[in-house]
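A short reminder: the numbers here are calculations on the coordinates, not readings from a lab. Please read these numbers as outputs of a predicted model, since none were measured by experiment. All Cβ positions, even for glycine, are placed from backbone atoms using ideal geometry, and neighbour counts span all protein chains on display.
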Amino acid sequence: MNKMPAVSKGDGMRGLAVFISDIRNCKSKEAEIKRINKELANIRSKFKGDKALDGYSKKKYVCKLLFIFLLGHDIDFGHMEAVNLLSSNKYTEKQIGYLFISVLVNSNSDLIRLINNAIKNDLASRNPTFMNLALHCIANVGSREMAEAFASEIPRILVAGDTMDCVKQSAALCLLRLNRTSPDLVPMGEWTARVVHLLNDQHLGVVTSATSLITTLAQKSPDNFKTSISLAIARLSRIVTSTSIDLQDYTYYFVAAPWLSVKLLRLLQCYPPPEDTALRSRLTECLETILNKAQEPPKSKKVQHSNAKNAVLFEAISLIIHHDSEPTLLVRACNQLGQFLQHRETNLRYLALESMCTLASSEFSHEAVKTHIDTVINALKTERDVSVRQRAVDLLYAMCDRSNAKQIVVEMLSYLETADYSIREEIVLKVAILAEKYAVDYTWYVDTILNLIRIAGDYVSEEVWYRVIQIVINRDDVQGYAAKTVFEALQAPACHENLVKVGGYILGEFGNLIAGDSRSSPLVQFNLLHSKFHLCSVPTQALLLSAYIKFINLFPEVKATIQEVLRSDSQLRNADVELQQRAVEYLRLSCIASTDILATVFEEMPPFPERESSILAKLKRKKGPGNLPDIDARRNVNGNTEHSEKPEPANKSSFALLADLLPTNRPRPASASPIMLSTATLGSTPPITALLNLNSPPSTGASLLVDVFPESSCLTAPEVSEENFFRFVCKNNGVIYENQLLQIGLKSEYRQNLGRIYVFYGNKTSTQFLSFTSSVTSPDSLKTQLIVHAKTVDPIIEGGAQVQQILNIECVSDFTDAPVLNVQFRYGGTLQNIAVKLPVMLNKFFQPTEMTSQDFFQRWKQLGAPQQEVQKIFKAKHPMDTDVTKAKILGFGVTLLERVDPNPENFVGAGVIHSKNSQVGCLLRLEPNTQAQMYRLTLRTSRDSVSQRLCELLSEQF
Amino acid sequence: MRFMLLFSRQGKLRLQKWYTATAERDKKKMVRELMQTVLARKPKMCSFLEWRDLKIVYKRYASLYFCCAIEEQDNELITLEVIHRFVELLDKYFGSVCELDIIFNFEKAYFILDEFLMGGEIQDTSKKSVLKAIEQADLLQEVTWTPGKNCYV
């Protein structure tokens, strides 16, 4: 049996201790659940019992519930009892109540009101302990409702002259939390200036809390808190020059106020270097002092001492890197980190590698970082912890430039052979990027990529092998070499499927360049490829089939052999529909088409247009933009700090091939039959398809040809996206369209027959959208019924930016159709064309109408003509929830009339549709049948077209 | 700081504190995943690791792992000392703290943490101030508000 510790300080709750002890003694999960259920039943009966519970018992049971919840079980009662505890005047009861609420708050609105009430009382109590409990609760819950209730009260408490220090601390951090969750609700005002002055406060605890708050606020609106710079520097200077005794309790293992120092240094990172020279030199002095201290002998052997000291040092280095303006400091920082690279503490080696990564991107310290290359390579080989090795890979990547690229790539490749599986893919991406970026001759590049496939084929993603193909296609000086090299690599008895893909593609395009050699004659090439065929997956087999038909074009002498293969049952009757289709079509094509046509269809791939590297994009997605050292920006730096804030590289390198040929972050066309696609690319669709009668429906299988083709700008009208249209019937705001490049959001408001839509276009990529236009078109019939006027938008949307467009709308008469939003822009050289059905529907012009039961039925009868009523019975598509249904009906625009229908389950509504020409009164009734999961919807209006349309719109919603 | 977890070598969660709103389901998933990752690490490994979009800082004290998730720009070393200071506070309060103290007095552990960290930021770094606040609270109930011994059922 477990020892039960003697009840320590404060009051023990014996019943609780016994219960905990019981749980600990349970031998199995089942026994534990049984014990818990027993306890829950007991507590439930106590809470429901006739006898009023005293505060102590209530506290004990609430505490037990909390314990059960923290064990991972669901708790669905006891909230009310916890709320009762809040208003107890016994401190411990109140405290447990608050703890329960903090951990288990749910959005039950009635409770929130009660909780807020209790908090309000405690905040007003002037008892600092109670005030702190209340502030902690607000910070712990941090919900919007709480922010709404207290966001204006807390700043007042924070800056009031008579607030006690400990309450100020809590108020500052409470405000910080609210500002993080609901920044819009925390009002800036006169108090902000006074908060900045808390940096001067005598109480270091207050200064610490205030610094955290100011940093958070300054990140969002730096201009409002500019005055904090000088105060922070003054404070920092006093700390770093103090002797350890000065700060007494705030000295931590002989380090003066390490937490506060870190926070102040962090605050200063919200700003550029101070312009005032005196201030600037004072800060430089501080930073120098911190760097100097790192060289002094430690005052204690305890790890806490060195951790605290180095925490300040690393934060100082972060600030130096952020400012990126003092070459001496940057180089000193780099040397300091260099020392840490060989420190016996793993933690310090880890952090030094990490921090050096950012230093590598400053032009002042890049060279200094490079001097540590051998140490870093050594770390890659000897570190026992994978997370440290990972940092070493990152640093090698960041310090790479043309002078050391070959060495780094070789080291990374050799590390890859033994690297942890978890980081292989990332290393592959990095090697691929570096090899491409710093390739002086492309034979090295091709060799490197093939090596990558050999060593870590499984981790070579599509992006990487697409890329090598794109580069080979774009550079004719490397094509012969590439063909020869893949041919040789394919000789290996077991080669990776990715190599077969690259080999199939490259030989299909450029096999002719090596066909002169009898050792690699067309037939030898074909036999080599085909010997791998049966080992490959379907997509690769599909690619090989495409390579074969290209062979027929390149080498008429092997035509018969290949036709034989295509004609074999294993191809023509292949169970896979994509393969079968290719075999049939290619065979047909090879039999019917003249050599001229074949030559046109299978002409060598045109060069790909230049685009941003998709491999780079993939790496960024993997690492998150902030984590990827910006190896491009370095060369563009002019001593300013811009590059470290820019999440995306500028990609302005002189290498022509840097830009990618196939960004994957763009919508792919639905795959089409391969031949139709290839001909389409060449712009000669009709003759061949007509001739061969090949316009079979597009297959759904993955088509590799499609993947490697550049997506040519499609100038035909795009399909209109209606996907989200019906989601907007009962709501006005949201995202109407999204693909990998662009997000379109809407905010709409309507009054009577007028409406306004704010359309937000968000560029999700890192690249500019150029020639951006967006217009609204309507079908002819609609043009007279609905007038839409679109304001113009800026033709450029920067990467990551959002622009807004306003549409003004007037409803002239009732309508059924919807206008279409046409968006066009150029992304990386390709024209993008998007059309979205705009959710402007008739019900948007509803004005809700209140009416009595009597009025309702009277009008209902008046609208009794058969064409005035439209009725629809339909199956429920969503769970039949009364509240949701109510919300939807209200969102539809009508008034929900209570107590009108004799059956309380039914919903009844009324409204008037406003158009310029007329007003149409409208009554509706929705009868749910939960048993059958069906609804019956009835609409009566004075105009049949209106009834019809409204019924269509609303019946889609349930 | 996004959250702090205390768990035992056996993978039992002893304390959890979340500083951003997180759904219960996600919490459970994250706790499970993170415990697995951390418990699998060997003793001499470094105390930091990248996990999802967060940085994890952890340290083991006897049978308990203290584990903090911090943001990209937060300072790892100072977070290690946040953990240490918290351990010191527990130690001082319970008098040579052990896992059992935290199990049986979990509510106290939460109170101490709340006095020390708020909204994920350190509230007071002075050990004295924090302990004073806690002790005052204890005093408050012993002297002023104690309902009497008969309450111990």
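Want the number for A:ASP476 to A:THR816: 0.36 nm per residue separation, take away the alpha-carbon distance, what's left?
Gain on stretching A:ASP476 to A:THR816: 116.7 nm.
How large is the dipole of the stretch A:807-899 about the Cα centre if only Lys and Arg carry +1 and Asp and Glu carry -1, each at its Cβ, rounded to the nearest 20 debye? Please list the in-between numbers first.
Working: 11 positive and 9 negative charges, 69 e Å.
The calculation lands at about 340 debye.
Scattering from the C-alpha atoms of the stretch A:400-602 alone, worked out with Debye: what is log10 I(q)/I(0) at q = 0.08, 0.11, 0.18 1/Å?
At q = 0.08, 0.11, 0.18 Å⁻¹ the computed log10 ratios are -0.29, -0.54, -1.21.
Given a Förster distance of 22 angstrom, what is the FRET efficiency for A:ALA193 paired with A:GLU275, based on the Cβ-Cβ distance and rounded to 0.05?
Calculated transfer efficiency: 0.60.
Shape verdict for the stretch A:76-183, please, from the Cα gyration tensor: rounded (a/c under 1.5), prolate (a/b greater than b/c) or oblate. Don't jump to the answer; show the numbers that get you there.
Working: a/c = 2.06, a/b = 1.29, b/c = 1.60.
It is oblate, given that a/c is not under 1.5 and a/b is not larger than b/c.
By count of other Cβ within 10 Å, fewest leading, how are A:SER518, B:SER129 ordered?
A:SER518, B:SER129
Take the Cα pairs of the stretch A:209-279, get the Kirkwood Rh, then feed it into Stokes-Einstein at 20 °C and 1.002 mPa s and tell me D in µm²/s.
Approximately 168 µm²/s, per Stokes-Einstein.
Give, rounded to the nearest 20 debye, the magnitude of the charge dipole that the stretch A:268-361 has about its Cα centre when Lys and Arg contribute +1 at Cβ and Asp and Glu contribute -1 at Cβ.
In debye, rounded to 20, the stretch A:268-361 gives about 580.
Quick one: the Cα spread of the stretch A:843-956 along its three principal axes, in angstroms, biggest first?
41, 27, 26
Evaluate the distance, in nm, between pseudo-label points positioned 7 Å from the Cα of B:LYS132 and of A:THR777 along their respective Cα→Cβ axes.
For B:LYS132 paired with A:THR777, the spin-label model returns 7.5 nm.
Positive end of the dipole of the protein assembly as shown, charges at C-beta (+1 Lys, Arg; -1 Asp, Glu), about the Cα centre: which of A:ALA435, A:GLY829, A:GLN752 has its Cα farthest in that direction?
The Cα lying farthest towards the positive end belongs to A:GLN752.
Any chance you could run the full-extension gain for A:ARG113 through A:ASN833? It's 0.36 nm times the residue separation minus the Cα-Cα distance, nm to one decimal.
Net length gain for the segment: 254.2 nm.
Within the stretch A:575-594, find all residues whose amide N lies under 16 Å from a label point positioned 7 Å from the Cα of A:SER568 along Cα-to-beta-carbon.
Once the point is set 7 Å along Cα→Cβ of A:SER568, A:575-576, A:579-580, A:583-584, A:587 turn out to lie under 16 Å by backbone N, inside the stretch A:575-594.
So what does the Cα-only Debye profile of chain B read at q = 0.21 Å⁻¹, as log10 I(q)/I(0), no solvent term?
Taken in order of the listed q values, log10 I(q)/I(0) reads -1.47.
Please name which of A:ILE471, A:PRO609, A:SER774 has its Cα lying farthest along the dipole of chain A towards the positive end, using unit charges on Cβ (Lys, Arg +1; Asp, Glu -1) and the Cα centre as origin.
Result: A:SER774, furthest along the dipole toward the positive end.
Average partner chain C-beta neighbours within 10 Å, per residue of A:91-97?
Working: counts 10, 10, 3, 2, 8, 3, 0.
For this peptide, the per-residue mean of nearby foreign Cβ atoms is 5.
Kindly state, to the nearest 0.05, the FRET efficiency for A:THR595 paired with A:GLN491, given R0 = 30 Å and r defined as their beta-carbon distance.
So, using R0 = 30 Å, E works out to roughly 0.45.
Using a Förster radius of 60 Å, what is the FRET efficiency between A:THR289 and A:ALA865 based on their Cβ-Cβ separation? Nearest 0.05, please.
0.10
Cα convex hull of the stretch A:720-840: how many Å³ per residue?
95
Can you return the lysines within cross-link range of A:LYS783? Criterion is Cα-Cα under 23 Å, with same-chain partners fewer than 8 residues away left out.
Filter leaves A:LYS747, A:LYS791, A:LYS837, A:LYS844, A:LYS916.
Quick check for the stretch A:400-602: number of Lys pairs with alpha-carbon distance under 28 Å, counting only pairs 8 or more apart or on different chains?
Value for the stretch A:400-602: 18.
Considering only A:TYR737, A:PRO839, A:LEU173, whose Cα is most displaced toward the positive end of the charge dipole of the protein assembly as shown, charges sitting on Cβ of Lys, Arg (+1) and Asp, Glu (-1)?
So the residue we want is A:LEU173.
Roughly how big is the stretch A:73-211's charge dipole about its Cα centre, with Cβ charges of +1 (Lys, Arg) and -1 (Asp, Glu), in debye to the nearest 20? Mind dumping the intermediate values first?
Working: 11 positive and 14 negative charges, 57 e Å.
The calculation lands at about 280 debye.
How would the protein assembly as shown be classified by its alpha-carbon gyration tensor: rounded, prolate or oblate, with rounded meaning a/c under 1.5 and the a/b versus b/c comparison settling the rest?
oblate
Which distance in nm do the two modelled labels at A:ASN906 and A:ALA887 give, with both placed 7 Å along the Cα-to-Cβ direction?
If labels sit at A:ASN906 and A:ALA887, their model points lie 2.6 nm apart.
How far, in nm, would the chain grow between A:GLU148 and A:GLU557 when pulled straight, counting 0.36 nm per residue and subtracting the alpha carbon separation?
That works out to 139.2 nm of additional length.
For the residue pair A:PHE857 and A:SER300, what label-to-label distance in nm results when each label sits 7 Å from Cα along the Cα-to-beta-carbon direction?
For the pair A:PHE857/A:SER300, the computed spacing is 8.4 nm.
With 28 Å as the limit, write out which pairs from A:LYS64/B:LYS28; A:LYS60/B:LYS27; A:LYS764/B:LYS28; A:LYS309/B:LYS127 have Cα-Cα distances beyond it, or answer none.
Pairs exceeding 28 Å: A:LYS764/B:LYS28.
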